[in-house]
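Report on one structure; see the data block that follows.
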Amino acid sequence: MAKALEDQVFQQVDERPPAADIQFEPTQRRVRVMLAGATVAYSRSVMLMLENRRLAIYYFPAKDVRVDVFLPTGYKSHHAGKGEATFFSVKVGDRIVEKAAWRYLEPERADLKDYIGFYWDKMDAWFEEDDEVFVHPRNPYHRVDVVNSSRHVKVVVGGVVVAETRRPRLLFETGLPTRYYIPKIDTRLDLMTPTNTSTRCPYKGKAT
């Protein structure tokens, strides 16, 4: 369920002004990306790309990227509003990650020139300042609020009341349905069995 809800982020309500489908704006955070124990990009001048119906992407100035670990691939793809992306594999030691980075050598928009992006899940670790971040960059226009409530919430499975409370915590997140978190004391924990499934959210952390 957590994974399904996170997938709906692509349908999020856009709180930004409808000035453009693509926004390319600076972030004040230092960002670092690592592969095989090595820092392949580190910058205080990272740009954040925000597109409608897409997750945010960090772009690093080429001068702050270890382009010496790049291997040309010959693979290219066109992206509306941005131009033709040229892809590179990344090689650190004996490890090679195929088509892990890209740049627009002749971009349709001038502000993309000399910037490089990485596939988030092809890298080993990402850091904003000194905190590791997971899944994707945090969107500064995406809100997550948790509030206490006195709503009556009841969860019934197969005719059995699994949880019931009048003191839930409600989680409101941009573009997603309200989620209800119920105190353990109001939940039939004896009916629950742990699974091996876990997911991560860059805003809320790890769900088990």
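Summary of computed values
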quantity: Under 5 Å, built H, 5+ apart or other chain: amide partners of Val40; calculated: Val33, Met34, Leu35
quantity: Cross-link pairs beyond the 32 Å C-alpha cut-off, checked among Lys63/Lys206; Lys82/Lys122; Lys99/Lys206; Lys82/Lys206; Lys76/Lys206; Lys122/Lys204; calculated: Lys63/Lys206; Lys82/Lys206; Lys76/Lys206
quantity: Probe 1.4 Å, protein heavy atoms only - accessible area per residue of the chain in square angstrom; calculated: 60 Å²
quantity: Surface share of carbon and sulfur [accessible, 1.4 angstrom probe, percent] for region 91-148; calculated: 46 percent
quantity: Furthest towards positive pole of dipole, Tyr203, Tyr180, Leu48, structure part the chain, Cβ charges; calculated: Tyr180
quantity: In sequence order, calculated HN-Hα J values of region 183-199 (Karplus, 6.51, -1.76, 1.60; Hz; x Gly/Pro); calculated: x, 4, 5, 9, 10, 7, 5, 5, 9, 10, 10, x, 10, 8, 7, 8, 9
quantity: Net lengthening on full extension, Val67/Arg169 (0.36 nm per residue, minus Cα-Cα); calculated: 32.0 nm
quantity: Net dipole in debye of the chain [+1 Lys, Arg Cβ; -1 Asp, Glu Cβ; about Cα centre; nearest 20]; calculated: 540 debye
quantity: HN-Hα J in Hz across region 102-114 - Karplus 6.51, -1.76, 1.60, θ = phi - 60°, x for Gly and Pro; calculated: 8, 8, 9, 6, 10, x, 6, 10, 4, 6, 8, 5, 6
quantity: Cα centre as origin, Lys/Arg/Asp/Glu Cβ charges: region 60-109 dipole, Debye; calculated: 80 debye
quantity: Net length gained if the chain between Lys122 and Gln28 were fully extended (0.36 nm per residue, minus Cα distance); calculated: 31.4 nm
quantity: Distance between modelled label sites at Val147 and Lys204, nm, 7 Å Cα→Cβ extension; calculated: 1.7 nm
quantity: Arg29 - accessible surface, heavy atoms, 1.4 Å probe, Å² rounded to 10; calculated: 100 Å²
quantity: Of [x] 60, 44, 30; [y] 57, 39, 37; [z] 70, 45, 37, the label for Cα extents along the principal axes in Å derived from the coordinates; calculated: [x]
quantity: Integer Hz, Karplus 6.51/-1.76/1.60 couplings in order for region 46-54, x for Gly and Pro; calculated: 6, 10, 10, 9, 10, 10, 4, 6, 9
quantity: Estimated inter-spin distance, Val156 and Asp130, nm [label 7 Å along Cα→Cβ]; calculated: 5.3 nm
quantity: Relative contact order computed over the chain (Cα-Cα under 8 Å; 6+ residues apart), in percent; calculated: 16 percent
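The values are calculated or read from the model by the stated rules, or taken from the named source; none is laboratory data. For clarity, every value in this text was computed on a predicted model and none was experimentally measured. Cβ coordinates were reconstructed from backbone atoms using ideal geometry, including for glycine residues, and neighbour counts include every protein chain displayed. Ligands, DNA and RNA are excluded from the accessible area calculation, which covers all protein heavy atoms including side chains. Shrake-Rupley method; radii C 1.70, N 1.55, O 1.52, S 1.80 Å.
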